[in-house]
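Undergrad: The following block contains the structure, expressed as structure tokens.
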Amino acid sequence: MNDFSRMLNSLKKDPSKTYALATIVRVDGSSYRREGAKMLIGKDESYYGTISAGCLEEDLIQKAKEVIALFEPRTVNYDLRSEDDLSWGQSAGCDGDIEVYIEPIGWELNLLERSTYLWPYIDQQLNHHLGLLSVKCISEGDNQGEITLYSLEGDVLAGTLGKEEILAPYIQTFLTQNEKVKLVHIEELQRDYLFEEYQPKENLFIFGAGPDAEPLVSLASQLDFSVVIIDPRSARCSETYFPQADHLIPEHPDSFFNDFQIPINSYVLVMTHNFNRDKKILQYLLQNPPKYLGVLGPKRRTERLVDTQTSLSCIHSPIGLSIGAEGPEEIAISVMAELIKIRNVSSFRKRSELVECQI
């Protein structure tokens with residue numbers, strides 16, 4: 001789940017408000033959430049997100065209020081391994097030691113440069129479908145809270161400058177390890193730095209705006225996919241039926257593909273219920289297969305849509321996890337469960353395997 005994008009939306013709604021952002025930076029053992037899990041907390045005790053199953057939130061909210069009042073970050077530790085009745089983690093069945101970094105934030109706070117705000121800048125990059133790396137000092141002292149933003153190629157974008165040469169090898173190591181979050185001790189600086197990779201929402205392209213797509217789009221939006229619907233029927237491909245869609249394109253597939261190429265890291269569902277139209281769409285998509293390509297309907301129908309077994313190996317059919325789903329709502333759940341599984345297990349299909357699928 002892309003908690004971070006939701007945090008940004010919460011910040012944008014009230015740009016002058018100060019919050020506390022709690023982030024799990026280290027886990028030793030087991031816990032309900034892992035490194036990088038976030039919780040946004042207001043001084044009125046309202047909050048978004050969770051870092052536990054409920055056993056830590058009450059204490060964390062009180063500490064967050066102190067952070068907001070003093071406008072100073074702090075690190076807190078929760079040991080969930082104790083077996084006595086006063087243990088933090090008994091209600092959640094946790095068995096780990098958790099370190100949480102709490103910092104004061106706001107949409108118009110934390111300047112990167114004289115005229116650049118941190119969160120609006122990050123939001124702008126993500127809206128342009130550009131991922132980035134945040135490197136933040138979380139050790140107590142004069143440098144606490146210093147942050148530098150990098151591209152995912154390791155180039156400096158904005159932030160506190162002066163330590164790029166020291167940080168460079170650590171950044172390259174992080175980027176090559178395919179990790180999202182890591183607490184790194186920089187020996188040369190004797191400081192702990194939190195490395196976090198921020199990625200834009202994954203694109204989900206849906207060909208077909210039938211009634212069965214409505215619960216699917218609603219659920220996909222809630223699960224942080226950026227949804228694009230392509231269907232030539234303008235009466236159906238509209239906000240009336242798909243208010244949560246990010247983009248509605250009332251065009252025939254031929255017209256759409258003449259002007260647009262779907263990025264290779266996208267998710268695509270073909271569900272027009274028109275055999276010839278589905279066949280045409282697959283001819284375009286199989287030239288450069290996306291990360292996920294699913295076709296609604298039984299496998300025997302999909303076999304008739306393609307010409308080779310190689311093409312068939314690039315397609316998920318039937319779509320969704322096998323949970324005995326019936327009806328649009330249950331099918332939507334099974335489909336999104338499969339997409340979440342692929343999103344969270346990034347080794348689903350390597351780039352070299354994608355090349356083998358091209359025809």
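Undergrad: Output the number of the condition that residue 94 fails; it satisfies all remaining conditions of (1) of a type outside the set (A, V, I, L, M); (2) modelled with pLDDT under 90; (3) surrounded by fewer than 19 Cβ atoms within 10 Å (Cβ to Cβ); (4) within 27 Å of residue 224 (Cβ to Cβ).
TA: All conditions pass for residue 94, except number (3).
Undergrad: Among the residues of segment 279-293, is there at least one that is open to solvent by 70 Å² or more (accessible area, probe 1.4 Å), touching a strand residue (DSSP E or B) at 6+ places or on another chain (Cβ under 7 Å) and either among the small types (Gly, Ala, Ser) or closer than 26 Å to residue 342 by Cβ (or both)?
TA: For segment 279-293, residues open to solvent by 70 Å² or more (accessible area, probe 1.4 Å), touching a strand residue (DSSP E or B) at 6+ places or on another chain (Cβ under 7 Å) and either among the small types (Gly, Ala, Ser) or closer than 26 Å to residue 342 by Cβ (or both): absent.
Undergrad: So, one more: If I filter segment 239-259 for residues that are within 26 Å of residue 322 (Cβ to Cβ) and in contact with a Leu (Cβ under 8 Å, 6 or more places away or on another chain), do I get at least one hit?
TA: First pass over segment 239-259, keeping only residues within 26 Å of residue 322 (Cβ to Cβ): none.
Among the residues of segment 239-259, not one is within 26 Å of residue 322 (Cβ to Cβ) and in contact with a Leu (Cβ under 8 Å, 6 or more places away or on another chain), which makes the answer no.
Undergrad: Ok, one more. Filter segment 52-78 for residues that are open to solvent by 60 Å² or more (accessible area, probe 1.4 Å) and charged (D, E, K, R); which is modelled with the lowest pLDDT?
TA: Of everything passing the filter in segment 52-78, 58 is modelled with the lowest pLDDT.
Undergrad: In addition: Residues of segment 219-246 being modelled with pLDDT under 95, surrounded by fewer than 19 Cβ atoms within 10 Å (Cβ to Cβ) and either closer than 15 Å to residue 200 by Cβ or among the hydrophobic types (A, V, I, L, M, F, W, C) (or both), which ones?
TA: 221, 223, 224, 246
Undergrad: Please enumerate the residues belonging to segment 14-59 that are aliphatic (A, V, I, L, M) and closer than 24 Å to residue 197 by Cβ. Before you say what the answer is, go through the steps one by one.
TA: Within segment 14-59, the first condition is being aliphatic (A, V, I, L, M), and the residues that meet it are 20-22, 24-25, 27, 37, 39-41, 51, 53, 56.
20, 21, 22, 24, 25, 27, 37, 39, 40, 41, 51, listed by residue number.
Undergrad: Which of the residues that make up segment 166-195 are surrounded by fewer than 17 Cβ atoms within 10 Å (Cβ to Cβ), modelled with pLDDT of 90 or more and among the charged types (D, E, K, R)?
TA: Those that are surrounded by fewer than 17 Cβ atoms within 10 Å (Cβ to Cβ), modelled with pLDDT of 90 or more and among the charged types (D, E, K, R): 187, 188.
Undergrad: Still on this structure, please answer the following. Name the residues in segment 294-337 that are in contact with a Leu (Cβ under 6 Å, 6 or more places away or on another chain), open to solvent by less than 30 Å² (accessible area, probe 1.4 Å) and without any contact (Cβ under 8 Å) to a residue 40 or more places away in the chain, would you?
TA: 305, 306, 315, 334
Undergrad: Then there is this: Is there a residue in segment 255-277 that is crowded, with 17+ Cβ neighbours inside 10 Å and charged (D, E, K, R)?
TA: Yes, that holds for at least one residue.
Undergrad: Can you report the number of residues in segment 12-37 which are open to solvent by less than 10 Å² (accessible area, probe 1.4 Å) and assigned to a strand (DSSP E or B)? Lay out the reasoning, then the answer.
TA: Residues of segment 12-37 open to solvent by less than 10 Å² (accessible area, probe 1.4 Å): 20-25, 37.
After this cut, where a residue has to be assigned to a strand (DSSP E or B) as well, the list is 20-25.
Of the residues in segment 12-37, 6 are open to solvent by less than 10 Å² (accessible area, probe 1.4 Å) and assigned to a strand (DSSP E or B).
The values are calculated or read from the model by the stated rules, or taken from the named source; none is laboratory data. The shown structure was predicted, so the numbers you read here are calculated from the model rather than taken from an experiment. Because the Cβ atoms are built from the backbone with ideal geometry, glycine has one as well, and the counts that use them run over all protein chains shown. Keep in mind that these areas ignore ligands, DNA and RNA; they rest on the heavy atoms of the full protein, side chains included. Shrake-Rupley method; radii C 1.70, N 1.55, O 1.52, S 1.80 Å.
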